[in-house]
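Undergrad: There's a structure below that I have some questions on.
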Amino acid sequence: MQQEGDILKTMTDEMQEGIRKFVEETMGRTLGKKKIKAFYVRTRKAGNIKIEIGKYLDRRESDTSNEEVIAIFESDAFFVCTPNRGAFRGHPYIFGTEEVLQIEELE
């Protein structure tokens, strides 16, 4: 069974850049270069939650259970990528900038 953090153990910089390019092409936006580790967001479904790379996306916000967050990008919105949404296929989860309460950047 997949555990939180499993995907990140094999994630390379090249894979991360490939996901960035895929999101830019899919969403038709240029993404910022900020390296986001996590952010706190106010949602209608789940209330205030933390979304963090390497952790599962809150089930109330995800399409399927055990959706591990593998990338977070910022543009005119925040794009959260999981294996099923935004990283390898489909559109990422999108959160408006007005919903975001706090950002944690990678060091």
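Undergrad: Output the residue which, of all residues in the stretch 18-56 that are at positive phi and assigned to a loop (DSSP other than H, G, I, E, B), is most open to solvent (accessible area, probe 1.4 Å). So that I can check it myself, show each step before the final result.
TA: Residues of the stretch 18-56 at positive phi: 28, 47, 54.
Pick out the ones that are also assigned to a loop (DSSP other than H, G, I, E, B) and you get 28, 54.
On the way: Gly28: 66, Gly54: 8 Å².
Restricting to residues being at positive phi and assigned to a loop (DSSP other than H, G, I, E, B), the top hit is Gly28.
Undergrad: While we're on this one: Test of understanding: among Ile49, Ile19, Ile53, which residue is free of Cβ contacts under 8 Å to residues at least 60 places away in the same chain and within 13 Å of Ala87 (Cβ to Cβ)? Step through it out loud before you land on a result.
TA: Working: Ile49 fails: within 13 Å of Ala87 (Cβ to Cβ); Ile19 fails: free of Cβ contacts under 8 Å to residues at least 60 places away in the same chain.
Answer to the check: Ile53.
Undergrad: Specify the residue that is nearest to Ile19 (Cα to Cα); the eligible residues are those in the stretch 89-102 that are in contact (Cβ under 8 Å) with a residue 12 or more places away in the chain and open to solvent by 60 Å² or more (accessible area, probe 1.4 Å).
TA: Within the stretch 89-102, the match that is nearest to Ile19 (Cα to Cα) is His91.
Undergrad: Return the residue satisfying two criteria in turn: it lies in the stretch 63-84 and is assigned to a loop (DSSP other than H, G, I, E, B) and touching a residue at least 40 places away in the same chain (Cβ under 8 Å), and of such residues it is surrounded by the fewest Cβ atoms within 10 Å (Cβ to Cβ). Give the derivation first.
TA: Taking the stretch 63-84 first, the residues assigned to a loop (DSSP other than H, G, I, E, B) are 63-67, 69-70, 75-76, 83-84.
Those left that are additionally touching a residue at least 40 places away in the same chain (Cβ under 8 Å): 66, 70, 75-76, 83.
Numbers: Asn66: 15, Ile70: 20, Ser75: 15, Asp76: 12, Pro83: 17.
Step by step, filter the stretch 63-84, then rank; the result is Asp76.
Undergrad: Considering only the stretch 10-43, how many residues are over 17 Å from Glu104 (Cβ atoms), among the basic types (Lys, Arg) and in contact with a helix residue (DSSP H, G or I) (Cβ under 9 Å, 6 or more places away or on another chain)?
TA: 1
Undergrad: Test Arg59 against the criterion of being in a loop (DSSP other than H, G, I, E, B) and free of Cβ contacts under 8 Å to residues at least 12 places away in the same chain, and give yes or no. Can you show your working first?
TA: On the way: in a loop (DSSP other than H, G, I, E, B): yes; free of Cβ contacts under 8 Å to residues at least 12 places away in the same chain: yes.
Considered against the rule, which asks whether it is in a loop (DSSP other than H, G, I, E, B) and free of Cβ contacts under 8 Å to residues at least 12 places away in the same chain, Arg59 comes out as yes.
Undergrad: Limited to the stretch 8-17, what total is found for residues that are in a helix (DSSP H, G or I) and exposed (fewer than 10 other Cβ atoms within 10 Å of the Cβ)? If you could, list the steps in order and put the result at the bottom.
TA: Of the stretch 8-17, the ones in a helix (DSSP H, G or I) are 8-9, 13-17.
Subsequent filtering for residues that are exposed (fewer than 10 other Cβ atoms within 10 Å of the Cβ) retains 9, 13-14.
Residues that pass the stated criteria total 3.
The values are calculated or read from the model by the stated rules, or taken from the named source; none is laboratory data. Just so it is clear, the structure is predicted and the values come from calculations on it, not from any experiment. Cβ coordinates were reconstructed from backbone atoms using ideal geometry, including for glycine residues, and neighbour counts include every protein chain displayed. In case anyone asks, the SASA skips ligands and DNA or RNA and just uses the protein heavy atoms, side chains included. Shrake-Rupley method; radii C 1.70, N 1.55, O 1.52, S 1.80 Å.
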